[in-house]
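Single-structure report; data block below.
The values are calculated or read from the model by the stated rules, or taken from the named source; none is laboratory data. Worth saying up front: this structure is predicted, and the values here are computed from it rather than measured. Here the Cβ is made from the backbone with ideal geometry for all residues, glycine too, and neighbour counts use every protein chain on show. Only protein heavy atoms, including side chains, enter the accessible area calculation; ligands, DNA and RNA are left aside. Shrake-Rupley method; radii C 1.70, N 1.55, O 1.52, S 1.80 Å.
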Amino acid sequence: MMRLRITLESTTLLRPVEVVVVLPSGFNIGKAPYRTIWALHCAMSNADFFFDSLRAGDIAKGAHIAIIAPSLGNGYFLNSVYERQADFLQDELMPTLQEALPLSLQRDDNFIIGVSMGGFGALRWGLDRGENFAAVAAISGVFDPRLPLDERVLKKRAQRALHVTCDNIMRRLVLDESGQMYPDADLNQLVRHAGSSGRAPRLELFCGEQDYLSLSQSQAVEMLCREYRLPARLHTMPGEHDPAYWQKAFCEAVSKMLCDA
């Protein structure tokens, strides 16, 4: 297994972006290009989170896949008034690394996974550019701050603290002055568009049964996708909004995405 740390001098974001790449068997010139998972981290974290906390490197080696994780701060991986992270992902990160590394260009070999904030980013990216991805996995995602808060969040100290911190950040990024979602952040619009395009990726939603930040949000997304006949499944198991659950869910999410590819 080869683990690389790359710094991209982004012309989209006008700043350097650190990217962690794991290749299961190095460059292997002459062999078939790798299937690839593009991984989006949670808030208040970075790309190392996948490899230090979720053992993504071991999973990459076992499944013989490449995993690529950019560190993009707390911007929710979308185009906002602050910077154009969605454009960076699609128009700069992906083509640059596919040209530089032995990564497959085929839709059926490319997948997205995201955790918490990254779950929102993964779903947004996959729905917006469904022609490029076979499947998307969103783990513990929070997708729309306008949805009613599950009151059980207030009884869980860690979840309550996360809600207070991240809800303010998310609202600033995804809602306009009138309280409506910006078009780039509006998953309702993206689901409708993906449903009419006929090129939506498979959507795998994962949530802990005691994760009251994400549970009702993930259920709402699954229902929305079913309404527009998108291939979406919600998987639940015991767990909260924390790395202990995410490690189990990450392994299962990779298996679900790859086994149906």
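Take V153 and decide whether it is part of a helix (DSSP H, G or I), in contact with a helix residue (DSSP H, G or I) (Cβ under 6 Å, 6 or more places away or on another chain), among the hydrophobic types (A, V, I, L, M, F, W, C) and touching a residue at least 12 places away in the same chain (Cβ under 8 Å).
Against the criterion (part of a helix (DSSP H, G or I), in contact with a helix residue (DSSP H, G or I) (Cβ under 6 Å, 6 or more places away or on another chain), among the hydrophobic types (A, V, I, L, M, F, W, C) and touching a residue at least 12 places away in the same chain (Cβ under 8 Å)), V153 qualifies.
Pairs only if they're at least six apart or on different chains, beta carbon under 9 angstrom, first in the range 51-67 and outside any helix (DSSP H, G or I), second surrounded by 18 or more Cβ atoms within 10 Å (Cβ to Cβ) and of a type in the set (S, T, N, Q); list them, first residue then second.
Cβ pairs passing all conditions: S53/S45; I65/T36; A66/T36; I67/T36.
For the range 133-150, give me each residue that is in contact (Cβ under 8 Å) with a residue 24 or more places away in the chain, out of contact with any strand residue (DSSP E or B) (no Cβ under 6 Å at 6 or more places or on another chain) and not small (G, A, S).
Those that are in contact (Cβ under 8 Å) with a residue 24 or more places away in the chain, out of contact with any strand residue (DSSP E or B) (no Cβ under 6 Å at 6 or more places or on another chain) and not small (G, A, S): V142, F143, D144, P145, R146, L147, P148, D150.
I'd like the full set of residues that are open to solvent by 30 Å² or more (accessible area, probe 1.4 Å) and out of contact with any Ser or Thr (no Cβ under 6 Å at 6 or more places or on another chain), limited to the range 203-222.
If the condition is that a residue be open to solvent by 30 Å² or more (accessible area, probe 1.4 Å) and out of contact with any Ser or Thr (no Cβ under 6 Å at 6 or more places or on another chain), then Q210, Y212, S216, Q219, A220 are the ones that fit.
Take V153 and tell me if it is over 23 Å from Q90 (Cα atoms) and open to solvent by less than 30 Å² (accessible area, probe 1.4 Å).
yes
Tell me, which residue of the range 184-242 that is part of a strand (DSSP E or B) and of a type in the set (A, V, I, L, M, F, W, C) is nearest to M257 (Cα to Cα)?
That would be L203.
Of the residues A66, A47, which is at pLDDT 95 or above and touching a His at 6+ places or on another chain (Cβ under 7 Å)?
Only one candidate passes the filter, namely A47.
Listed here are the residues, each with its yes/no results for (1) modelled with pLDDT under 95; (2) aromatic (F, W, Y); (3) within 23 Å of G141 (Cα to Cα).
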| site | (1), (2), (3) |
| --- | --- |
| M2 | yes, no, no |
| L8 | no, no, no |
| P33 | yes, no, no |
| T36 | no, no, yes |
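Assuming Y182 fulfils every condition listed in (1) surrounded by 20 or more Cβ atoms within 10 Å (Cβ to Cβ); (2) in contact with an Asp or Glu (Cβ under 7 Å, 6 or more places away or on another chain) apart from one, which condition is it?
For Y182, the exception is condition (1).
Examine the range 107-121 for a residue that is open to solvent by 30 Å² or more (accessible area, probe 1.4 Å) and either touching a residue at least 60 places away in the same chain (Cβ under 8 Å) or touching a Leu at 6+ places or on another chain (Cβ under 9 Å) (or both), and state whether such a residue exists.
Yes, the range 107-121 has at least one match.
Going through the range 1-24 one residue at a time, which ones are surrounded by fewer than 14 Cβ atoms within 10 Å (Cβ to Cβ) and in a loop (DSSP other than H, G, I, E, B)?
M1, T11, L14
If I ask for residues that are open to solvent by less than 60 Å² (accessible area, probe 1.4 Å), in contact with a Gly (Cβ under 8 Å, 6 or more places away or on another chain) and more than 14 Å from A200 (Cα to Cα), which ones from the range 224-239 would you list?
M237, G239
Filtering the range 77-88 down to residues that are in contact with a Leu (Cβ under 8 Å, 6 or more places away or on another chain) and surrounded by 15 or more Cβ atoms within 10 Å (Cβ to Cβ), which residue is farthest from A32 (Cα to Cα)?
S80
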